[in-house]
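Working notes, beginning with the structure itself.
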Amino acid sequence: MKKKNIKILLVDDEPDILEIVGYNLSNEGYTVITAENGREGVKKAKKELPHLIILDVMMPEMDGIEACEIIRKNPDLENTIITFLTARGEDYSQLAGFDAGADDYITKPIKPKVLVSKVKALLRRFKEDDSADVVKIGSLVINRDEYKITSEGKELILPRKEFELLSLLASKPGKVFKREDILNTVWGNEVIVGDRTIDVHIRKLREKLGDNSFKTVKGVGYKFVD
């Protein structure tokens, strides 16, 4: 995977940390998104679906531990790497972070070059090619990087939300995605949507990909059928 295609979400209430760490990671070639507190971090995580999240622990509105717990409950972020970057090095703080679902713990202050090396090590679990961003199911090909859908050899142009909904359902064929999880992952908190929003988007996808591609599980949600 190319560095420019790797998203890193940096969540910290200190402007200097956002600026310095963000600059060094951007300078390395990564795409960096920033948030100033845990609540904003959760919102941006759902929207951007980053590969790596760097979380401070002590923040206003929502601390990093709570933010991590919420993020880990989102099925579309289950493979996202989460590491804490904080001045708190006490054992109980580290244990709380790991219990919340964190993958690693970085204690600051830390030299920028050391932090970049640490980030590189954390990201090695992702494949070094673009195949991780391409989903192939039969004749359907979803290229997340290029926002491109190909079905039976023909390219389909989908609006953003239809693309994200299809990408989510097709990421795990056969899995039933609950309506609440779909709303949180695809729409997040950016807009207020009605209860029929998912149904309308599913109907539009069925018109373009066929009725048999999607199955409604009454009272629960939807799944993509391979």
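The values are calculated or read from the model by the stated rules, or taken from the named source; none is laboratory data. No experiment lies behind these values; they were computed from the predicted model shown. Every residue, glycine among them, receives a Cβ derived from its backbone with ideal geometry; neighbour counts consider all protein chains shown. When the accessible area is computed, the model is the full protein with side chains, heavy atoms only, and any ligands, DNA or RNA have been set aside. Shrake-Rupley method; radii C 1.70, N 1.55, O 1.52, S 1.80 Å.
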Residues that are part of a helix (DSSP H, G or I), modelled with pLDDT under 90 and under 25 Å from Asn27 (Cα atoms): does segment 96-104 have at least one? no
For segment 13-31, give me each residue that is open to solvent by less than 50 Å² (accessible area, probe 1.4 Å) and either in a helix (DSSP H, G or I) or within 17 Å of Ile70 (Cβ to Cβ) (or both). Ile17, Leu18, Val21, Gly22, Asn24, Leu25
Anything in segment 58-84 that is in contact with a Gly (Cβ under 7 Å, 6 or more places away or on another chain) and either surrounded by fewer than 24 Cβ atoms within 10 Å (Cβ to Cβ) or over 12 Å from Ala100 (Cβ atoms) (or both)? List them, or say none. Met59, Glu61, Met62, Asp63, Ile65, Glu66, Glu69, Arg72
Hey, Thr34 hits all of (1) open to solvent by 40 Å² or more (accessible area, probe 1.4 Å); (2) touching a residue at least 40 places away in the same chain (Cβ under 8 Å) but one; which does it fall short on? (2)
Looking only at segment 35-85, which residues are more than 20 Å from Ser167 (Cβ to Cβ) and part of a strand (DSSP E or B)? Ala35, Ile54, Leu55, Ile82, Thr83, Phe84, Leu85
Just to be sure I understand the filter: pairs with C-beta atoms under 7 Å, separated by 6 or more residues or on different chains, first member in segment 202-226 and farther than 22 Å from Pro159 by Cβ and exposed (fewer than 12 other Cβ atoms within 10 Å of the Cβ), second member modelled with pLDDT under 90 and not hydrophobic (A, V, I, L, M, F, W, C). Which pairs pass? Asp226/Gly138; Asp226/Pro173; Asp226/Gly174
